[in-house]
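The values are calculated or read from the model by the stated rules, or taken from the named source; none is laboratory data. Keep in mind that what you see is a predicted model, and the values were worked out from it rather than measured. Every residue, glycine as well, gets a Cβ built from its backbone with ideal geometry; the counts of neighbours run over all protein chains shown.
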Amino acid sequence: MTPVVEFRGVDFEYPAASGARARPFRLTGLSFAVTHGETLGVIGPNSAGKTTVIRLLTNVVRPRAGQVLLDGRPVEAVGRRALARDVAVVPQHVPQAFPFTVEELALMGRYPHGGTRYFETAEDLEIARDAMAATGVLDLARLPLPLLSGGERQRAVLARALAQRPRLLVLDEPTAHLDLRYQAESVALLRRSARERGMTVLLVSHDLNLAAEVADRLLLLADGRIARLGTPEAVLEESLLEAVYGCPVSIDKHPITRRPVVHIAWRDSTGDPG
């Protein structure tokens, strides 16, 4: 079966800006695939290349070498409307001054399906309401986005993505602004969406424990290269994480799910474990 997403030997480089970092950032030899219905978690320290993977996948930037494929086609050959129908992105940062209501934002997820029409149908409204209900923002439907908290805006943007009914859902730090309750509900929602709607999910996260809990496999990036790709148990290994992140960690199992749980081995100012 053709993978939903495939990176084949992808190299990419940002040019060094004047007065910025001493050396340009680059990705080197990136090769991996995401199969239908799979959730792949992309993890790694700052400047490892996680966000660049999203930009390459959505054709915001193009590789210097290699190919990025969507359903076996080079992503640059996929039309903009087709890309908008099939790939939904939930960004890390949601603008506060976006002058729309929650319902209007959710309905934006239906626009790629509209062809040449400019107005939503009754079906569009029903799909948008289902998405708002699933993300817990249906009671906020009439509120303007600037009046929402950061977590509420994040859930509204997730509702827009679900209303899009995409084949591929790309999430950039999806729980960054959520409290514990909505973090838990978001994890459950992602699992349910992947299982019931047959969506493929690419999850980019700094939260190793969230990624381990949600993802089928993890892709660990370090310095623009793949440090390891495999199951959460294979990737979240103490010596590997310590080498990549530069700090001591310990790993045990979640008492219920039995997925790996990563703990930082904190040290106080004397150098003793805290």
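Kindly establish whether R81 is over 30 Å from G114 (Cβ atoms), surrounded by fewer than 21 Cβ atoms within 10 Å (Cβ to Cβ) and not β-branched (V, I, T). Considered against the rule, which asks whether it is over 30 Å from G114 (Cβ atoms), surrounded by fewer than 21 Cβ atoms within 10 Å (Cβ to Cβ) and not β-branched (V, I, T), R81 comes out as no. Going by the conditions given, is A176 surrounded by fewer than 17 Cβ atoms within 10 Å (Cβ to Cβ), assigned to a loop (DSSP other than H, G, I, E, B) and at pLDDT below 85? When the stated conditions are applied, A176 passes them. As a summary of the residue check, L147 satisfies the conditions (1) buried (at least 24 other Cβ atoms within 10 Å of the Cβ); (2) over 14 Å from the mean Cα position of the chain (by Cα); (3) farther than 23 Å from E38 by Cβ except for the one numbered (1). Residue check: is R73 farther than 18 Å from V4 by Cα and of a type in the set (K, R)? For R73, the condition - farther than 18 Å from V4 by Cα and of a type in the set (K, R) - is not met.
Report yes if L158 is of a type in the set (A, V, I, L, M) and either under 26 Å from A212 (Cβ atoms) or at pLDDT 90 or above (or both), otherwise no. Yes; evaluated as a whole, the condition is true for this residue. Tell me yes or no: at least one residue of segment 191-202 is of a type in the set (V, I, T), assigned to a loop (DSSP other than H, G, I, E, B) and in contact with a helix residue (DSSP H, G or I) (Cβ under 8 Å, 6 or more places away or on another chain). Checked segment 191-202: no residue is of a type in the set (V, I, T), assigned to a loop (DSSP other than H, G, I, E, B) and in contact with a helix residue (DSSP H, G or I) (Cβ under 8 Å, 6 or more places away or on another chain).
Restricting attention to segment 101-148, the residues that are outside any helix (DSSP H, G or I) and among the aromatic types (F, W, Y) add up to 2.
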